[in-house]
Every structure is written in structure tokens, then in C-alpha cells.
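Trainee: Got a structure for you, written out below as C-alpha cells; questions coming shortly.
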């Protein structure tokens, strides 16, 4: 009797989790689990980021390529790697920022997000992510300034 009760409770928990997370969120969690299990060199991690960008639909792919170039130029000390299946950039092993393409979670815009490891503090309140629909010279300049501030 106890065994069947355990199975029922486990099934309820799994059903509840299925209702809480979208298919895209579950896929991102599976990607993160794979990332944690896989040891990669810096060069392999960079290749993986470029492969993830190449998999993105347009216009996300073009923006991802351009953003990768801007980030690497603005903060060459950051190392590229994937994080929940998204391109991310690290300093001393800590994620500083990441790029979430619009297609990742069926959003209407791309997002450049920063973690708490980024030095963006500005008073008592500041943005930790930025949404954009295109990447022009003006956005590139803003991203360059943010990157330089984030890694100081």
C-alpha cells in the first residue's frame, strides 16, 4: 500500500511540475543539466556558443552573431559558454551576462541579461536586463559601455 501511495504522490508532483513549466523552460533546464555534466575547454565552449547562435532563426541569429562580436570586443577578458542553452559570458567562472534570443521562449524581443556578478550597481535600483528588437550602432555603443562597466 505504501508503495502505491509513493507512486501516486510522485505522479502528482510530476503532473504539477508539468503544469508549472513550459516545454521551452523544461528544455532549458535539460540543457543546463547537460552543461553541468560536460567539462569543456575555453575553445570548445566558444564553439558551442557559436553553434547555438547558428541554430537560432533569423533575425535572432544575425543579432546573436553581432552581439557576440560586440561583447568580445568590449570585454575581451570574458569567456563565452552556454548557460541554459543560451550564449553567456563569464569572468573567473561566474556568468556576467547572457543573450536570450526571442525564439528561446517565444518572446517578441531579444534580451541581454546581466547576473548579480556584473558591476552595474547604480544607486538603489538599476536594470539587470535589456530588451531590443534590432542592434544598431546606438545599441552597440550602449552594450559596449555596459560591458566595460560590468567587468570592471
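The values are calculated or read from the model by the stated rules, or taken from the named source; none is laboratory data. Because the structure is predicted, anything quoted here is derived from the model rather than measured. Methodologically, a virtual Cβ is constructed for each residue, glycine included, from the backbone with ideal geometry; neighbour enumeration extends over all protein chains shown.
Trainee: In region 80-103, how many are crowded, with 20+ Cβ neighbours inside 10 Å and on the phi > 0 side of the Ramachandran plot?
Mentor: 1
Trainee: For residue 106, only one of the following conditions fails: (1) assigned to a helix (DSSP H, G or I); (2) over 14 Å from the mean Cα position of the chain (by Cα). What is its number?
Mentor: Every listed condition holds for residue 106 apart from (1).
Trainee: Scan 74, 51 and give me the residue that is farther than 17 Å from residue 146 by Cβ and either modelled with pLDDT of 95 or more or buried (at least 17 other Cβ atoms within 10 Å of the Cβ) (or both).
Mentor: After applying the criteria, what remains is 51.
Trainee: In region 46-93, how many residues are within 15 Å of residue 110 (Cα to Cα) and either assigned to a strand (DSSP E or B) or not assigned by TED's automatic domain parsing to the domain that holds residue 131 (or both)?
Mentor: 3
Trainee: Next up: Restricting attention to region 30-45, which residues are touching a strand residue (DSSP E or B) at 6+ places or on another chain (Cβ under 9 Å) and either outside any helix (DSSP H, G or I) or buried (at least 17 other Cβ atoms within 10 Å of the Cβ) (or both)?
Mentor: Passing the criteria: 35, 40, 45.
Trainee: Next up: Look through 137, 141, 124, 145 and report the one residue that is assigned by TED's automatic domain parsing to the domain that holds residue 63 and over 16 Å from residue 68 (Cα atoms).
Mentor: 124
Trainee: In region 104-147, how many residues are touching a residue at least 40 places away in the same chain (Cβ under 8 Å), within 17 Å of residue 28 (Cβ to Cβ) and surrounded by fewer than 16 Cβ atoms within 10 Å (Cβ to Cβ)?
Mentor: Total satisfying the criteria: 2.
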